[in-house]
Number of protein chains: 6
Amino acid sequence: MSRQVILTRREVFSSSHRLYSDELSEEENKKIYGKCVNNHGHNYVLEVSVKGVVDPKLGMFMNITELKEIMRIYVMDKLDHRNLEGVPELKSIVTTTENLSIFIWDQLYPHLKQHLYEVKILETENNFVIYRGE
Amino acid sequence: MSRQVILTRREVFSSSHRLYSDELSEEENKKIYGKCVNNHGHNYVLEVSVKGVVDPKLGMFMNITELKEIMRIYVMDKLDHRNLEGVPELKSIVTTTENLSIFIWDQLYPHLKQHLYEVKILETENNFVIYRGE
Amino acid sequence: MSRQVILTRREVFSSSHRLYSDELSEEENKKIYGKCVNNHGHNYVLEVSVKGVVDPKLGMFMNITELKEIMRIYVMDKLDHRNLEGVPELKSIVTTTENLSIFIWDQLYPHLKQHLYEVKILETENNFVIYRGE
Amino acid sequence: MSRQVILTRREVFSSSHRLYSDELSEEENKKIYGKCVNNHGHNYVLEVSVKGVVDPKLGMFMNITELKEIMRIYVMDKLDHRNLEGVPELKSIVTTTENLSIFIWDQLYPHLKQHLYEVKILETENNFVIYRGE
Amino acid sequence: MSRQVILTRREVFSSSHRLYSDELSEEENKKIYGKCVNNHGHNYVLEVSVKGVVDPKLGMFMNITELKEIMRIYVMDKLDHRNLEGVPELKSIVTTTENLSIFIWDQLYPHLKQHLYEVKILETENNFVIYRGE
Amino acid sequence: MSRQVILTRREVFSSSHRLYSDELSEEENKKIYGKCVNNHGHNYVLEVSVKGVVDPKLGMFMNITELKEIMRIYVMDKLDHRNLEGVPELKSIVTTTENLSIFIWDQLYPHLKQHLYEVKILETENNFVIYRGE
């Protein structure tokens with residue numbers, strides 16, 4: 001009997017950013033993003049979930065150390081202790097949590113493929129975003 | 001390419017209530033609701049999630065300050081620091097977390113429409129309820 | 001060699017209350033206590049700490065099950081799932097977290113004596129009070 | 001109008017285990033499970049979710065005390081403060097969180113039937129698994 | 001009988017910073033502060049504690065709304081959603097959590113005087129600093 | 001002006017143990033330690049605090065990476081993912097949280113000396129112990 005589970009790894013990265021769109025005027029930026037137009041920062045909590053059929057012999061379908069390693073290479077090393085505006089791949093996008101969750105999905109997808117189930121980012125304890133590849 | 005994310009805002013409201021159904025006898029109320037028939041209270045943690053396609057220019061589909069404001073007007077101002085039995089719209093219902101989650105959904109739906117994805121309430125750290133409009 | 005440790009037990013009680021002093025006018029009550037003059041409630045997190053010299057044979061100086069039992073009898077059974085205004089011993093006091101912490105200290109002291117070290121109450125995740133018998 | 005909610009009960013059990021598969025060599029076990037081949041332990045956080053249509057008269061579809069009792073009998077009493085390797089039903093499986101979530105689902109299903117919606121286990125604050133009966 | 005309690009207010013501010021001392025060489029900065037020499041950020045959790053004798057009539061010695069307001073004016077408005085390097089009063093210091101806790105103490109002391117008991121800052125969930133004016 | 005701060009590092013180790021004293025009869029062990037006489041386990045949360053005068057040039061008195069390294073060598077590597085009964089230095093003691101906090105103090109003291117201020121261990125979210133070298 002094949003059983004499908006969802007496995008999640010949680011990591012925290014501490015980055016700075018500002019919300020500012022080059023396609024908007026200074027005034028529009030301030031109106032839309034408020035105090036977030038200033039450079040500031042967060043301890044972003046990242047939860048990446050993968051889904052797959054458990055191998056009965058091993059009791060897993062992907063080793064969580066492998067998931068952790070993929071997250072380290074493609075996300076943590078790029079974003080942790082960085083100014084997000086300085087990350088080359090993020091240069092052309094507004095670094096809202098919404099866009100970050102999509103960016104992280106796109107970073108991970110080539111390595112996790114159809115197993116990738118969900119990317120969740122908590123920007124603060126009160127604001128969070130989920131992206132499921134839809 | 002259109003990408004759909006789920007955005008969640010967390011708020012806490014501190015309210016009192018009792019579980020008591022007028023359609024039940026005193027004895028039945030005690031049997032079903034136990035010590036919850038007494039007036040008591042909670043720090044209710046409310047998580048409201050909305051779902052929508054991200055505008056690439058803005059990096060969001062709904063401004064979280066807008067979501068926060070809608071939650072403030074239609075939920076927080078009505079329920080926070082109140083006795084739920086004294087809230088007019090709640091008079092005829094038993095204020096279980098189940099009913100509260102449906103009530104909050106109904107309060108928010110006219111203002112968030114098809115974007116409203118999920119209402120989650122944690123009554124305590126051990127008991128919580130999700131309503132998704134089904 | 002005698003070693004002194006501090007042992008803490010955490011419990012949660014869900015109670016309702018209002019802040020209202022009979023010695024103040026209606027207007028003064030509203031000015032001082034704000035929206036807290038309405039009946040509302042909290043999941044109060046209570047942390048009771050005791051201090052003592054560890055018995056090397058047992059690896060403890062007080063069994064935490066004993067501490068838990070004392071807290072149950074003298075605090076939890078009196079306050080949990082209650083309206084604090086209806087608790088006889090609390091009738092004459094304003095049930096601020098400050099007064100609650102002192103009240104709980106006084107409830108526990110006869111049973112824990114010089115071992116009682118600290119009573120901490122978190123009214124919400126943002127507001128808390130410590131009383132150490134000073 | 002029938003409304004379907006998801007109700008969740010959270011419990012914590014403190015158990016020990018090791019990850020070791022009899023179908024693998026000593027070397028393979030160490031390579032796959034790393035330091036988890038040693039006997040060690042966790043405070044497992046278990047969240048069991050049930051789904052059903054709310055009875056408007058009672059404001060619930062299943063009493064959470066009933067859910068809690070089912071979890072106590074079929075999960076907590078079997079696993080809490082135990083070495084998982086010593087639990088008869090777990091003897092033939094590797095006690096990964098993945099397998100535990102499936103095991104707990106199978107324990108609860110006969111008693112919750114189609115109401116059972118999700119079993120979530122947090123092994124640590126950074127690693128967790130969800131099983132939804134798929 | 002006079003009773004002294006400790007009252008704590010918790011706030012969160014989201015700021016960016018880098019650790020870099022002008023008195024050190026580039027190389028020394030990297031060696032001492034590691035990846036923290038890059039501009040990055042945190043959700044700093046700030047807990048300010050005040051100590052005083054409870055007024056029996058009011059059940060408090062300082063209104064927590066007053067404490068919150070003092071924290072807003074002298075700390076939150078200056079640091080939240082800012083790059084700490086751009087805060088004039090912080091220009092000449094390395095913005096370690098140690099220095100921040102002392103800075104915040106010095107900001108608050110003129111307004112809370114002998115009531116000020118403790119400033120605690122959690123930079124991350126794993127690293128925190130307490131300053132008590134010693 | 002010399003300023004003294006308290007710096008804390010939090011780590012989590014996942015270990016198994018049982019509470020059992022060789023100096024007690026089987027019956028006494030069961031009576032005193034209850035279900036803890038069975039081999040079981042915890043995610044122990046360890047918070048080690050050091051106290052010292054901040055160097056104004058560096059903004060710290062001890063680098064937290066140094067503290068983390070000392071904790072890794074003298075505590076984490078010895079206890080994490082282990083059965084505490086199998087740790088040579090713990091063989092002759094009952095591994096209560098009280099004794100563990102003293103043991104960890106004694107492990108760290110030679111390396112942190114007078115800076116060592118407090119060892120706190122949370123065995124579960126509800127039970128914790130502090131040892132301050134008294």
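Miscellaneous remarks
- Checking each residue of segment E:122-129 against the condition of being of a type in the set (Phe, Trp, Tyr) and crowded, with 22+ Cβ neighbours inside 10 Å gives at least one match.
- In segment A:30-53, of all residues being in contact with a strand residue (DSSP E or B) (Cβ under 9 Å, 6 or more places away or on another chain) and without any contact (Cβ under 8 Å) to a residue 60 or more places away in the chain, the one that is surrounded by the fewest Cβ atoms within 10 Å (Cβ to Cβ) corresponds to A:Val53.
For every residue, the table says whether it meets (1) out of contact with any His (no Cβ under 8 Å at 6 or more places or on another chain); (2) of a type outside the set (A, V, I, L, M, F, W, C); (3) farther than 26 Å from A:Lys30 by Cα.
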{"position": "E:Asp22", "(1), (2), (3)": "yes, yes, yes"}
{"position": "E:Ser25", "(1), (2), (3)": "yes, yes, yes"}
{"position": "E:Ile32", "(1), (2), (3)": "yes, no, yes"}
{"position": "E:Asp55", "(1), (2), (3)": "yes, yes, yes"}
{"position": "E:Met60", "(1), (2), (3)": "yes, no, yes"}
{"position": "E:Ile70", "(1), (2), (3)": "no, no, yes"}
{"position": "E:Val75", "(1), (2), (3)": "yes, no, no"}
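- Remark: F:Thr95 matches the filter, which requires a residue to be in a loop (DSSP other than H, G, I, E, B) and either at pLDDT 95 or above or within 14 Å of chain D (Cβ to nearest Cβ) (or both).
- Residue within segment C:1-10 that is modelled with pLDDT of 95 or more, more than 7 Å from every other protein chain (Cβ to nearest Cβ) and surrounded by fewer than 22 Cβ atoms within 10 Å (Cβ to Cβ) present: no
- For segment B:48-59, the set of residues classified as under 27 Å from B:Ile102 (Cα atoms) and among the basic types (Lys, Arg) consists of B:Lys51 only.
- Subset of segment B:34-70 (residues that are under 30 Å from C:Val12 (Cβ atoms), assigned to a strand (DSSP E or B) and not aliphatic (A, V, I, L, M)): B:His40, B:Gly41, B:His42, B:Asn43, B:Tyr44, B:Glu47, B:Ser49
- Scanning segment F:116-134 for residues that are of a type in the set (Val, Ile, Thr) and either closer than 14 Å to C:Phe61 by Cα or at pLDDT below 95 (or both) yields a count of 2.
- Scope segment B:98-134; condition of a type in the set (S, T, N, Q) and within 14 Å of B:Ser49 (Cβ to Cβ); matching residues: B:Ser101, B:Gln114
- Among residues of segment C:77-89 that are within 8 Å of chain B (Cβ to nearest Cβ) and under 15 Å from C:Phe103 (Cα atoms), those with a Cβ under 8 angstrom from a residue that is of a type outside the set (S, T, N, Q) and in a helix (DSSP H, G or I), sequence gap 6+ or separate chain, pair up as C:Asp80/B:Lys35.
- Selection of segment A:22-47 for residues being more than 30 Å from D:Thr96 (Cβ to Cβ) and either facing chain E (nearest Cβ under 7 Å) or touching a helix residue (DSSP H, G or I) at 6+ places or on another chain (Cβ under 6 Å) (or both) yields A:Asn29, A:Lys30, A:Lys35, A:Cys36, A:Val37, A:Asn38, A:Asn39, A:His40, A:Gly41, A:His42.
Let's see how each residue does on (1) closer than 16 Å to A:Ser15 by Cα; (2) among the charged types (D, E, K, R):
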site: A:Val87; (1), (2): yes, no
site: A:Leu100; (1), (2): yes, no
site: A:Ile104; (1), (2): yes, no
site: A:His111; (1), (2): no, no
site: A:Val119; (1), (2): no, no
site: A:Thr124; (1), (2): yes, no
site: A:Val129; (1), (2): no, no
site: A:Arg132; (1), (2): no, yes
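- Checking each residue in segment C:57-75 for being surrounded by fewer than 17 Cβ atoms within 10 Å (Cβ to Cβ) and either within 12 Å of chain B (Cβ to nearest Cβ) or not basic (Lys, Arg) (or both) picks out C:Asn63, C:Thr65, C:Glu66, C:Glu69, C:Ile73.
- Residues that are aliphatic (A, V, I, L, M) and over 24 Å from B:Asn63 (Cβ atoms) within segment A:88-115 comprise A:Leu108, A:Leu112, listed in sequence order.
- Residue in segment D:88-100 that is in contact with an Asp or Glu (Cβ under 8 Å, 6 or more places away or on another chain) and either surrounded by 18 or more Cβ atoms within 10 Å (Cβ to Cβ) or of a type in the set (A, V, I, L, M) (or both) present: yes
- Residues of segment B:11-25 that are charged (D, E, K, R), at pLDDT 95 or above and closer than 20 Å to B:Ile93 by Cβ: B:Arg18 alone.
- Segment F:8-29 residues that are part of a strand (DSSP E or B), paired with ones that are hydroxyl-bearing (Ser, Thr, Tyr) (beta carbon under 7 Å, 6 or more apart): F:Thr8/F:Ser49; F:Val12/D:Thr124; F:Val12/F:Tyr44; F:Phe13/F:Tyr44; F:Ser14/D:Thr124; F:Ser15/F:Tyr44; F:Ser16/D:Ser16; F:His17/F:Thr95
- Residues located in segment D:54-71, provided they are basic (Lys, Arg) and in contact (Cβ under 8 Å) with a residue 12 or more places away in the chain: D:Lys68
- Given (1) buried (at least 21 other Cβ atoms within 10 Å of the Cβ); (2) closer than 26 Å to E:Leu122 by Cβ, index of the condition F:Asn83 fails: (2)
- Residues that are in a helix (DSSP H, G or I), within 19 Å of E:Arg10 (Cβ to Cβ) and not acidic (Asp, Glu), drawn from segment E:71-85: E:Met71, E:Arg72, E:Ile73, E:Tyr74, E:Val75, E:Met76, E:Lys78, E:Leu79
- Looking only at residues in segment A:98-134 that are touching a residue at least 40 places away in the same chain (Cβ under 8 Å) and outside any strand (DSSP E or B), the one that is nearest to the other protein chains (Cβ to nearest Cβ) is A:Thr124.
- Exclusive hit being polar (S, T, N, Q) and closer than 26 Å to D:Gly34 by Cα, set A:Thr95, A:Thr65, A:Thr124: A:Thr65
The values are calculated or read from the model by the stated rules, or taken from the named source; none is laboratory data. Predicted model only: the values in this text are computed from it and were never measured. All Cβ positions, even for glycine, are placed from backbone atoms using ideal geometry, and neighbour counts span all protein chains on display.
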